[in-house]
Amino acid sequence: VTGSIAYREARIALSEAGQERLATVVSARRVQIESWFGEIQSDLLGQASGGATQKAAREFAKGWGKLEGDPAAYLTENYVTANPNPEGERHLLETAGDHSPYSIQHRIHHGNFVSLVQQKGYDDLYLVDVDGNVVYSVNKGADFATNVVDGVWKGTGLGTAARESLQAEGPGAIAFSDIAPYAAAGDTAAAFIATPVFSSRGEKYGAIVSRPPVT
């Protein structure tokens with residue numbers, strides 16, 4: 001009897017100690033995630049409030065509207081299909097060389113966004129116009145030149161975060177999606193954080209969306 005009681009008390013003590021260690025690990029992980037999210041949020045808000053991003057969002061949207069025929073098909077052909085670099089290295093193409101207003105702006109702004117993605121370790125960075133068109137992407141994946149309102153990826157984290165940001169009435173709002181498999185990136189885990197882009201005069205240009213690493 002004494003042995004049974006001692007065993008039971010020891011088991012309870014070990015269980016409580018294990019729960020305390022687990023709680024400590026969970027708490028530390030939560031603090032780490034909150035810090036990570038706060039840093040990304042701060043970076044994104046800083047980008048959205050910067051003149052360079054505001055100009056890029058405005059000019060890419062204008063460039064999209066000036067493309068002949070179907071802008072989505074045109075950009076997919078010139079920046080994805082005809083891109084001499086393989087998937088994963090498409091960001092190396094600075095311009096399609098077609099002398100379109102879009103490509104002129106791409107040559108101007110692309111290098112800055114590539115540097116930002118590499119510095120922050122993002123999986124991708126997007127600009128979405130007020131109509132939901134993904135007018136720019138650093139890596140030019142399957143989600144580039146699609147529409148987050150009625151396109152194939154509207155039900156993904158990209159669509160959710162971007163649409164919420166586009167509905168914001170002023171700058172500073174943050175939208176994010178849950179971590180989930182993302183088919184446009186080979187079903188790898190992905191999350192999206194977005195914020196609207198407004199001019200200094202309050203004109204909405206669209207939204208900037210980041211896809212930070214989640215592994």
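The values are calculated or read from the model by the stated rules, or taken from the named source; none is laboratory data. Bear in mind that the values here come from a model prediction, so they are computed numbers and not experimental data. Using ideal geometry, Cβ is built from the backbone for each residue, glycine included, and neighbour counts are taken over all protein chains shown. What goes into the accessible areas is simple: the full protein's heavy atoms, side chains included, and nothing from ligands, DNA or RNA. Shrake-Rupley method; radii C 1.70, N 1.55, O 1.52, S 1.80 Å.
Of all residues in the stretch 189-215, those that are over 13 Å from ARG163 (Cβ atoms) have Cβ atoms under 7 Å from Cβ atoms of residues that are among the charged types (D, E, K, R) and open to solvent by less than 10 Å² (accessible area, probe 1.4 Å), 6 or more apart or on another chain, in ARG211/ASP124.
When each of GLY157, GLY170, GLY141, GLY151 is tested for being over 28 Å from LEU67 (Cβ atoms) and open to solvent by less than 40 Å² (accessible area, probe 1.4 Å), the lone residue that passes is GLY170. The residues of the stretch 49-83 that are among the small types (Gly, Ala, Ser) and either open to solvent by 70 Å² or more (accessible area, probe 1.4 Å) or touching a helix residue (DSSP H, G or I) at 6+ places or on another chain (Cβ under 8 Å) (or both), listed by number, are SER49, ALA52, ALA56, GLY63, GLY65, GLY69. Of the residues VAL117, VAL197, VAL149, the single one that is more than 12 Å from the chain's Cα centre (by Cα), among the hydrophobic types (A, V, I, L, M, F, W, C) and under 18 Å from SER49 (Cα atoms) is VAL197. Inclusion of GLN105 among residues that are open to solvent by 10 Å² or more (accessible area, probe 1.4 Å), assigned to a helix (DSSP H, G or I) and closer than 26 Å to VAL214 by Cα is not warranted.
Of everything in the stretch 68-97 that's assigned to a loop (DSSP other than H, G, I, E, B) and among the acidic types (Asp, Glu), which residue is modelled with the lowest pLDDT?
GLU68
Of the residues that sit in the stretch 114-138 and are of a type in the set (A, V, I, L, M) and part of a loop (DSSP other than H, G, I, E, B), which one is most open to solvent (accessible area, probe 1.4 Å)? This residue is VAL130.
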